[in-house]
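Encoded as structure tokens, the structure appears first; notes follow it.
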Amino acid sequence: MGKLFDIYIKSCSLTKENATEFFDCIGDLYFSDEVQGLKKFPQHSTIDRLDHITSVSYMSFVYAKEHNMDFRRIARAAILHDLYYYDWHDKAWWHRPHGYKHPRFALNNARKLYPEISKFEENIILRHMWPLTVIPPATKAGYIVSLADKYCATRELLRADFKHFSKKFDENIKSFKEKEKC
């Protein structure tokens, strides 16, 4: 397929063994109870929030690394970009409209989990829903995470809602895992 798709496929099969440098950057956050707890929340159809943020973070990490950017802080912000603890699909009034409100919820939770968070990382989290939210990211890194978020969400929805894409995805994952064994 394409390079983005290959990165996305790998992001769905990450382990500490096949992505050591990535987990060195985000492991303290990723393996925390707060982040691991996201596994119980659906994100896009059958894809849970932990899988979603992992893919977004990994795609952002790869791009930033290839372009000599601060890949560590970018990956850390991306792993925290959807750190909120509710199912946005339910009709509860307090988080509506979700698309506009959840970046602030995620940022508040990120500050609790990671008190030394930088303004750079905060802006990435707060602005990741651009252009839905009016104010754009302040940095190129913010755009990278925002675009990775949209790419992953699109892939997740296609995977979950269309049998053809789901079958093709499963075949690609199987092929990737077989290549990894060699």
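Read-outs: derived from the displayed coordinates by stated rules, not from any lab. This is a predicted model, so every value here is computed, not measured. Every residue, glycine as well, gets a Cβ built from its backbone with ideal geometry; the counts of neighbours run over all protein chains shown.
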Subtract the Cα-Cα distance of residue 21 and residue 157 from 0.36 nm times their separation in residues, and report this length gain in nm to one decimal. 46.1 nm
Quick check on the exposure proxy: order 152, 25 from fewest to most C-beta atoms within 10 angstrom. 25, 152
Final fewest-first order of 139, 54, 46 on the 10 Å Cβ neighbour count is 46, 139, 54
Pulled fully out, how much extra length does the chain show between residue 171 and residue 119, if you take 0.36 nm times their separation in residues and subtract their Cα-Cα distance? 14.6 nm
J(HN,Hα) series, region 143-152, from Karplus relation 6.51 cos²θ - 1.76 cosθ + 1.60, nearest Hz, glycine and proline x: 5, 4, 5, 4, 5, 4, 4, 5, 4, 5
Per-q log10 I(q)/I(0), region 9-84, q = 0.18, 0.23 Å⁻¹ (Debye; single scatterer per alpha-carbon; no solvent): -0.65, -1.05
